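Throughout, read-outs are computed from the coordinates displayed, never taken from laboratory work. These figures come from a predicted structure and were not determined experimentally. Quick reminder, even Gly has a Cβ in these numbers, built from the backbone with ideal geometry, and neighbours come from all protein chains shown.
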Amino acid sequence: MITNTQNWQIQAEQCFIQENYLRAAELYEQAINIEPNTISYYWQLGLILLLQGKETEAFMTWMLPMTEVDEEQLQVWTNELFQFLLKEAERREKLTEYSIAWLIRQHMKEINPTDINNILNLILISIKLEKIEVIHELYEIGLIDCCKAREHTNINAELLIQVLQEVLNNLPLHPINVELADVCLPYFSNTYQCFDILLTAALKIGHTLLQPQLAASLLKLHLRLEPENVEILRHLATFYQDARNYSQGIETAKLCYSLSESLADKIFALHLMLRGLMSAGGYWQEICETCEKLETVCQQFIQAQPIALEEARILRLLTSSFAIPNIKDDPANFRLIHNKLAEIFTTDIQAFAESEGKKYLHTNIKNLPLVSSNNKIKIGYISYALRNHSVGWLARWLFQHHDQDKFDINTYIVNYKSIADYMQEWYVNHAGTTHKLGMNGLEIADKIYEDKIDILVDLDSITLDITSEVMALKPAPIQATWLGWDASGIPAIDYYIADPYVLPDDAQKYYTEKIWRLPQTYIAVDGFEVGVPTLRREDLNIPTNGVIYLSAQRGYKRHPETTRWQMQILKQVPESYFLIKGLAQEEAIKRFFYQIAEEEGVDSSRLRFLPQVYSESVHRANLGIADIVLDTYPYNGATTTLETLWMGIPLVTRVGEQFAARNSYTMMINAGITEGIAWTDAEYIEWGIRLGKDATLRQTVAGKLRQSRQTAPLWNGKQFTREMEKAYQEMWQRYNDKK
């Protein structure tokens, strides 16, 4: 029996805190019997019943004293109950008892469905508890409308922005996130807060989750607050281009350039312009003008050194060179500028890292052991492209055949994507010890350094700035570049892995890295998966006796001079047709080819533009429709060349001086054929005509390619792996000999 009000209340509170809910409930039931008009007893008893899992009884207990009161009193007591439950919910949140807090707030929502701050808190707790389906429901109960009606609500602005940030971090692809961000704009305390939250989310959505259009929609919102924010415009231009909205991407890049004041910003804006123009294809005069301007600004930047740059601008330096080898084959002059940029990049990155308390010891070999601790050479591979990407398809045979008894393989996947990707998962399961990493270069370098990697192999070169940053920090004593693009020119990289053919004999004079030539080929594969073709001649209105030429390259590689050669070939081969496939802006690329065809006297009805096929195996099967593949120059095919040769199709290539202009040459040599290798522009045309007119020659080449599958170095991944491993052992021995 209750005898002393103060004593029983203390006892009840202690039972409640100790979660002795049965005893606490008994005490409050007794109190209600004695003082049935004390409303707070009902609130407390209902809460206790709720925590016992008796939700219906709890709600009935709360409603019991309200059944016979007027509207005004009902509202007062409802508010009191809501505040009572709010206090308990906040207490539970401080104790990180989120499941209980969530349960209480759900009932608060039933009591007052329009309290927006409770809904915001429910969303936050639901995210912590990963109650994804509940978050979707909460979105649908008027959150957007409440935010729009700003003058009619008591929204806690700080809480709202926190919800936006958590939702973008945890549910970045939710269909109404852009709408939520839109209505949140007036609630940001300052423009930088908005910039930080929206840009961080957009980078994840656009680059990691591969939804560039959604990322662009999110970033566009910030322009309402800062229409001339160059950093936002840079990323916006990139996302437009990635979403193949080339026109808008090009115009946004041009706006970036017009707003850029520093030389570093101008360099990257010009790179973005080139990126868009070349991806779209067909804008050749503007491409050449932009390229010339880029080289001029790069030289001005080099001459103006030293220029202090923060991390973001440092990282952009090297990627600006990416487009130039697609435009001209002049490696000596190109690398003169690029290598100097790489030197500045390395110096600035290392200085930035030191300012962050990061310094690695691998520039001083005296501090390092002679051999790995487990007597295996520890090889580290770093790349963002170990997925459904050309690098991913080609590198896998090296991992497949590595000798695990002699080498400890560690793979560092940069910007790991938690989405379905067959090749990425293959690497996770087959590439030794695999590390799924983000986009923080310093953290990645720390991990590699802590793992005591002996030889770090970069598969990206300058195609990803983060990888370049890691290599510049020198987290491993020996560093090499292989496969990804061309040598990056970073002084912290020791070797560039090539072969006897892919670089000319005198190439060392314009490379800062030591060129390490493997004995036969710098790449080999055991083969490719081939699906069921979806292309047929009758569907393309091509007769059975017609000769089909094919070019299957992206817009970046479309060069007008090479296209002229291709049209001249077509003109000389009766009943011939040209199939054109590759990512580009459809109308622009058609104008590009139609104009050159007209100038060379070729009827445009002989051209066919093929849609993109998103299955790699079907793409390879469709190559089989071609009688001859015409390669691009000055940037050859690489993966496409390998696929063409694997499918037994004759190829015509023009050999140049730079790495990108000699890929097809080394692959053809290592597949055992020389037919189709041209050393001059005229030879390219001659081979194209000869192969088009001579069906017997085509059959001979196709037969050689079929036979080469059993004998040629290009198709022997195991032999290639042994040669790479021998190279690693010799690199390690040289390193130790220097000590």
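What to note about this one:
- In this structure, T191 and Y422 have a Cβ-Cβ separation that, at R0 = 45 Å, corresponds to a calculated FRET efficiency of about 0.60.
- Of K406/K447; K340/K514; K340/K739; K417/K581; K509/K557, pairs whose Cα-Cα distance is over 25 Å: K340/K739; K417/K581; K509/K557
- Ordering of 212-224, 177-189 by packing is 212-224, 177-189, highest average first (other Cβ atoms within 10 Å, averaged per residue).
- Inter-label distance, R591 to T696: 4.7 nm, where each label sits 7 Å from its Cα along the C-beta direction.
- Between 0 and 90°, nearest 10: helix 284-303 axis offset from the chain longest Cα axis: 80
- Zone residues, the range 62-102, relative to E110, backbone N less than 11 Å from point 7 Å out along Cα-to-Cβ: 62-63
- Rounded, prolate or oblate (a/c below 1.5 giving rounded, otherwise prolate when a/b exceeds b/c) for the range 647-737 by Cα gyration tensor: oblate
- Average Cα contact separation per residue, the range 280-358, under 8 Å, 6 or more apart, as relative contact order %: 40
- Taking a ≥ b ≥ c as the square roots of the eigenvalues of the alpha-carbon gyration tensor, the range 260-355 is classed prolate because a/c is 1.5 or more and a/b outweighs b/c.
- By definition, a body whose alpha carbon gyration tensor gives a ≥ b ≥ c is rounded when a/c is under 1.5, and the range 538-715 falls into this rounded group.
- A viscosity of 0.890 mPa s and a temperature of 25 °C, combined with the Kirkwood radius over C-alpha pairs in the Stokes-Einstein formula, give the range 220-281 a diffusion coefficient of 219 µm²/s.
- For the chain, adding -39500 (n - 2.57) for each run of n ≥ 4 DSSP H residues and dividing by the number of residues yields -17000 deg cm²/dmol at 222 nm.
- Volume of the convex hull of the range 382-517 (Cα atoms only), normalised per residue: 105 Å³.
- log₁₀ of I(q)/I(0) at q = 0.09 Å⁻¹ - the chain, Debye sum with one point per alpha carbon: -0.89
- Modelled spin labels at Q707 and K436, positioned 7 Å past Cα toward Cβ, are 4.8 nm from each other.
- Extension gain from K148 to I176, taking 0.36 nm per residue of separation minus the Cα-Cα distance: 8.7 nm
- Pairwise FRET efficiency - V618 versus N429, Cβ, R0 = 22 Å, nearest 0.05: 0.35
- Extension gain from Q719 to L129, taking 0.36 nm per residue of separation minus the Cα-Cα distance: 207.3 nm
- Separation of the E158 and K94 label points, Cα + 7 Å toward Cβ, nm: 1.5
- Take 668-676, 55-63, 617-625 and order them by the average number of nearby Cβ atoms within 10 Å per residue, most first; the result is 668-676, 617-625, 55-63.
- Highest average packing first - 489-502, 685-698, 269-282, Cβ atoms within 10 Å: 269-282, 489-502, 685-698
- Percentage relative contact order, the chain, counting C-alpha pairs under 8 Å, at least six apart: 9
- Cβ-derived FRET efficiency at R0 35 Å, K509 paired with E261, nearest 0.05: 0.40
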